[in-house]
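See below for the structure under consideration.
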Amino acid sequence: MKVSRNNLNDLVARSTVTIKCITEDIYGRAVAELFKGPMNFQEHLVAKYFTHIYERYSSQCDWSKTST
């Protein structure tokens, strides 16, 4: 968990991040993709095995269809 958090902190530190809202979950929270330039944070974290794809919302993210 610390390795994943530290990796994300390193990527985000002193950066401009773009948020692309996809939908809301059942609790009204935003489900979104985060970008630093062309890099998608979720795609990066999945590729590095820091997390996995949550199938419930993955169909709305084009990159996840090739990562499953």
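Can you find a residue in segment 36-49 that is assigned to a helix (DSSP H, G or I), in contact with a strand residue (DSSP E or B) (Cβ under 7 Å, 6 or more places away or on another chain) and modelled with pLDDT of 80 or more?
Going residue by residue through segment 36-49, those that are assigned to a helix (DSSP H, G or I) are 41-47.
Filter again for in contact with a strand residue (DSSP E or B) (Cβ under 7 Å, 6 or more places away or on another chain), leaving 41-42.
So of that shortlist, the ones also modelled with pLDDT of 80 or more come out as 41-42.
Within segment 36-49 (the criterion being assigned to a helix (DSSP H, G or I), in contact with a strand residue (DSSP E or B) (Cβ under 7 Å, 6 or more places away or on another chain) and modelled with pLDDT of 80 or more), the answer is yes, since at least one residue qualifies.
Across segment 10-36, the qualifying residues are those that are in contact (Cβ under 8 Å) with a residue 12 or more places away in the chain and small (Gly, Ala, Ser), and the one among them that is farthest from Ile53 (Cα to Cα) is Ser15.
The values are calculated or read from the model by the stated rules, or taken from the named source; none is laboratory data. Computed from a predicted structure; not experimentally measured. Neighbour counts are summed over all protein chains in view; Cβ atoms, including those assigned to glycine, are modelled from backbone coordinates with ideal geometry.
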